[in-house]
Amino acid sequence: MEEIPVKVAVRLRPLLSREILHSHQVCVRVIPNTQQVVIGKDRVFTFDFIFGNKSSQDDVYTNCIKPLVVSLIEGYNATVFAYGQTGSGKTYTIGGGHVACVIDEEKGIIPHAIQELFQSISENPNIDFSVKVSYIEVYKEELRDLLELDTSIKDLHIREDEKGNTVIVGAKECQVESADELMSLLETGNAARHTGTTQMNEHSSRSHAIFTISIYQQRPKEPQKNSETVVDGLLGSVQMISSKFHFVDLAGSERVTKTGNTGERFKESIQINSGLLALGNVISALGDPKRKSAHIPYRDAKITRILKDSLGGNAKTVMIACISPSSSDFDESLNTLKYANRARNIKNKPIVNYNPDWDRMDEMELEIKALREALQNQRASVMAQASQVSQDWSLEKARIRSLEEQLAQLQLECFNYRNCVEEAFTFLIDLKDMVKMRRSQQLRLQDWLSMAEGLRMEMPPTPGIDSGIGNGREEPYHITILQLKRELKKCQVFVYVLLVRMFVTVLAKVGYVGCFTFFIEPAKT
Ligand code: ADP
Ligand code: MG
């Protein structure tokens, strides 16, 4: 993660008319064409940006803040905070005054940033933007919602979300659709700020004010290189980015005694300074390389808790130190420059704030897609199997049908042959009684009778033509058919031999004995 330092700008305002009137001397000057400022005779300070008394609001915005607005749209958090004594030009620079009454050239950072943001939104129609705004002030170490004054102080809490980002729970967040809408909310909040009259400034801000623009973007996801499958899966998916810009107008940093305040105002000054003191301690702790691992006292004040991300955390931050050129403000201006100089050592770690939930959603969408495909494949394979099974079943059925037909045919044939055997047996019995035969013929006849007898005994009872048919089992058919085939073969052979021999015998009986004797004696050969 890249570390980038907090950038520090110094803005020197011109002498005010009353200061000129009172012949105030100038004690601060900018060294031309450098980033250096000299206070008093020879105290030189170098900063990232120096804006002299002739610098315009536009100069400040374009050089310091415009890059932050660009970063905001890229998805980085950004913060600009104005630091300095009361009357040094913080509110003027940030743009937290009566913006509606101010001419364009006098408009501060916030109105410029709002214009730029909505300009950018209109130039990127492929990005779905949502803009929200909140406006909080810290007054006497308590939070107030400048967009919803009815909100009780007790309902506003500074918390850290699960990603470690600081959030103000209970603060009203207004969704805005246009620059005008946003400007009118800024105006409403500014009017609600605590202002009072002090010896130093007619409308001195007695509180820290934090104007926050949050943007949420849904961008079409850019295809990733070197991963075709991921690219396929992410086509049409979006990337969610959320980022916020804090515009912080701090209360006056002057020493309590300087204001000449008493009573209630004195108490206010102490509390304002306790917040700034804590801010100073945070800046010192963060900026001191020897104290890097030491505890950073963010929790000492509300303002430091709110600015935790902006100082040493996930944000690009610019501090604008506002100083008065008047020699009567020498001490305060010197303090401000020292304070600002320390802030230059702070290193932040800004990152683009992708919303991981949306990435998770993308992942889940991919998972769902993969599961759907798997389910579809499974269905297809089950269907294929089912059609194979039904095909196999049809073949089986056809085979069973043909076996049944074969069986019926064989049963019929068997039945016929069995009848023949019966007939032959009866005929042989009759023949034995009726005809006188030689001893060898008698023996032969006896053999035939035994054979026929044996066959009759061996034959199983005739199965019904329908028995076992259509019961869906194939095995019994096989066995029955094999048995029948075997039986049939025996019967066929027997009946054939018997019939031929009987025919010969009968012929012999009627006088052709000589011709056919060899037929009746084959057993001897
Ligand atoms: P702060 O917020 O620090 O108390 P303000 O922003 O209210 O101070 O400024 C005090 C006065 O100085 C205001 O009248 C403001 O218009 C004027 N002022 C501040 N900065 C400039 C500047 N750069 N150019 C002209 N006038 C300025
Ligand atoms: Mg102010």
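Give a residue-ordered list of calculated ³J(HN,Hα) values for region 301-306 (Karplus: 6.51 cos²θ - 1.76 cosθ + 1.60, θ = phi - 60°; whole Hz; x for Gly, Pro).
So the J values, rounded to whole Hz, are 8, 5, 5, 6, 5, 5.
Which of the residue pairs LYS172/LYS308; LYS90/LYS302; LYS132/LYS302; LYS7/LYS107; LYS41/LYS316; LYS432/LYS490 have a Cα-Cα distance greater than 27 Å in the structure shown?
LYS41/LYS316
Determine by what factor the alpha-carbon radius of gyration of region 1-95 differs from 2.2 N^0.38 Å, reporting the quotient. List each step's numbers first, then the result.
Details: Rg = 15.2 Å, N = 95, 2.2 N^0.38 = 12.4 Å.
The value comes to 1.23.
Please compute the length gained on full extension between GLU142 and ALA398, using 0.36 nm multiplied by the number of residues separating them and subtracting their Cα-Cα distance.
Details: separation 256, 0.36 × 256 = 92.16 nm, distance 9.15 nm.
Length difference between fully extended and current span is 83.0 nm.
Which order do LEU156, LEU146 fall in if you start with the one that has the fewest other Cβ atoms within 10 Å?
Listed from fewest to most nearby Cβ atoms, that is LEU156, LEU146.
For an R0 of 56 angstrom, estimate the FRET efficiency from the Cβ-Cβ distance between GLU422 and ALA374 and round to the nearest 0.05. All intermediate terms of the calculation are to be shown ahead of the outcome.
Working: r = 70 Å, r/R0 = 1.24.
Efficiency for this residue pair is about 0.20.
For LYS221, go through the lysines and keep the ones whose alpha-carbon is under 20 Å away, minus same-chain ones fewer than eight residues off.
LYS369
So what's the gap between the Cα centers of region 294-369 and region 387-426, to the nearest angstrom?
96
Near the amide H of HIS208, under 5 Å away, which other amide H atoms are found, from residues 5 or more places off or on another chain, if H is placed in the peptide plane?
Here the answer is VAL138, ALA251, since their amide H atoms fall under 5 Å of that of HIS208.
Here, each number is a calculation from the coordinates, and none is a lab measurement. What you see is a predicted model; the values in this text were computed from it and never measured. Please note: Cβ atoms are built from the backbone with ideal geometry, for glycine as well, and neighbour counts cover all protein chains shown.
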